[in-house]
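Derivation of every value follows stated rules applied to the coordinates shown; laboratory data play no part. Only a predicted model underlies this, so the values are computations on that prediction, with no experimental measurement involved. Using ideal geometry, Cβ is built from the backbone for each residue, glycine included, and neighbour counts are taken over all protein chains shown.
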Amino acid sequence: MRYGEVIGQEAVKERLRRQLGGGHVPHAQLFAGPEGCGKLPVALAYASALLCREPADGEACGHCPACKMLARWVHPDLHFVFPVVKRKGQSGEATSDQYLAEWRAQLAESVYFDRLEWLARIQVENQQSLIGVAESDQILKKLSLKSSQGGYKVMIIWQPEQMNAAAANKLLKILEEPPEDTVFLLVSDHPELLLPTIVSRTQRVDFRPLTAAELENALRQRNGLQEPDARAIARVSGGSYTQALAQLRVDKDSALFFDMFVLLMRLSYMRKIKDMHEWAERVADWGRERQKHFLTYCQRMVRENFVYNFQRPELNYMNRREADFAVRFARFVNERNVIGIMDELSLAQRDIEQNVNPRMVFFDFALKMIVLLIQ
Ligand SMILES: [Zn+2]
């Protein structure tokens, strides 16, 4: 991976390039800064430069045998440590090695992600993740071996603040007497939670949040957004590209939810049963979490359209497309049917939560709308 894949952070990139060019590689560095600003991507690009066989200008070449391994994150001298949890029924502590496949899959998909996304990927959102003492033992073991390619050994520790005390103390010992040609990169959102003795053993590199302009640019180039949308998301993302990506997913979903809501209302009004069945099949394919969000969205739309009839714009919260639709649709939501529609939506939501077949739930709901809409 090369620095060109990292958004912004030019000062840090320049510093690391020069450092490598001059041959002064500190044995341990702490990449510190807010979540989503690109610390891990920089660490990955830097590690690539360290392990590349023909680096130029402090940067990986991208095509030597080492770089080919790095492209899949399978270089034998690049080690990763990150927070994990025990798998169900597992005896003993969990270590990063048990989750390497998931980790590589995440890096292949995107090098910008946060802890919650990582935990969702390894399907343990509701559990406490940590870096335990078994991990420190693994680190010791890995670093006691000679580097397989005869160069550096690089150890990237993502979120070291999640180490428990025993693990942190062991790591401290390693940092006090680092094995030869070993480079530690600690990548931390919360360096204030690290043992001061660990911090003092590292050279600190501070990262700043991305600027709104950098985010806007990235959203246009990487995500194909038009200028006004990119600017709007950049402004509410607090200098974090992972935040911006999360916002993008929400926006995409609400656009889709709007389209599907409008489609259903139209089909119900026209009594197009066969198309309604198809509509239900489409929604049924979404996955329950998203279906629940969609039903919440529908409830909001029904409420907003009901309120619209009272002509009190200060009480309405709709975006442009939603408001345009309300001009024609609001009169169909009235005091005779609003409670009935809301009840049906709550029922559907409960059924989805209780694992009722979503095909039935959504087709049933669609059919009831035929009756409710003409009341
Ligand atoms: Zn290379």
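Numbers at a glance
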quantity: Val236, Val111, Val262 arranged by Cβ crowding within 10 Å, fewest neighbours leading; calculated: Val236, Val262, Val111
quantity: Gyration tensor (alpha-carbon) shape descriptor, the range 259-319, a/c threshold 1.5; calculated: oblate
quantity: Cα centroid separation - the range 357-375 against the range 314-336, whole Å; calculated: 20
quantity: Derived scalar couplings ³J(HN,Hα) [the range 174-182; Karplus, 6.51 cos²θ - 1.76 cosθ + 1.60; whole Hz; x for Gly, Pro]; calculated: 5, 5, 6, 10, x, x, 4, 6, 9
quantity: Alpha-carbon gyration tensor eigenvalues x 5, square-rooted, for the range 3-208, Å; calculated: 25, 19, 18
quantity: Net charge contributed by nearby residues that have their C-beta within less than 11 Å of Asn337 (K/R +1, D/E -1); calculated: -1
quantity: Exposure proxy ranking, count of Cβ atoms within 10 Å, fewest first, for Phe362, Phe310, Phe261; calculated: Phe310, Phe261, Phe362
quantity: Sequence-distant residues sharing a close amide H with Arg204 (under 5 Å, placed H); calculated: Leu30
quantity: Overall Cα dimensions of the range 251-373 - principal axes, largest extent first, Å; calculated: 39, 30, 23
quantity: Proportion of all alpha-carbon pairs of the chain beyond 31 Å (%); calculated: 50
quantity: Local electrostatic count at Leu295 - Lys and Arg +1, Asp and Glu -1, tallied over other residues with Cβ under 14 Å; calculated: 0
quantity: For the range 1-109, Kirkwood radius (reciprocal of mean inverse C-alpha pair distance, Å); calculated: 15.2
quantity: Extension gain from Tyr317 to Asn164, taking 0.36 nm per residue of separation minus the Cα-Cα distance; calculated: 50.5 nm
quantity: Calculated FRET efficiency for the pair Ser148/Lys86, C-beta based, R₀ 30 Å, to 0.05; calculated: 0.50
quantity: For Lys153, residues with placed amide H under 5 Å, excluding near neighbours; calculated: Thr182, Val183
quantity: Order of Tyr297, Tyr112 under a 10 Å beta carbon neighbour criterion, fewest first; calculated: Tyr297, Tyr112
quantity: Spatially proximal lysines relative to Lys274 (Cα-Cα < 23 Å; intrachain offsets below 8 disregarded); calculated: Lys368
quantity: Under 25 Å from the Cα of Lys141 - lysines, other chains or at least 8 residues apart; calculated: Lys86, Lys153, Lys170, Lys173
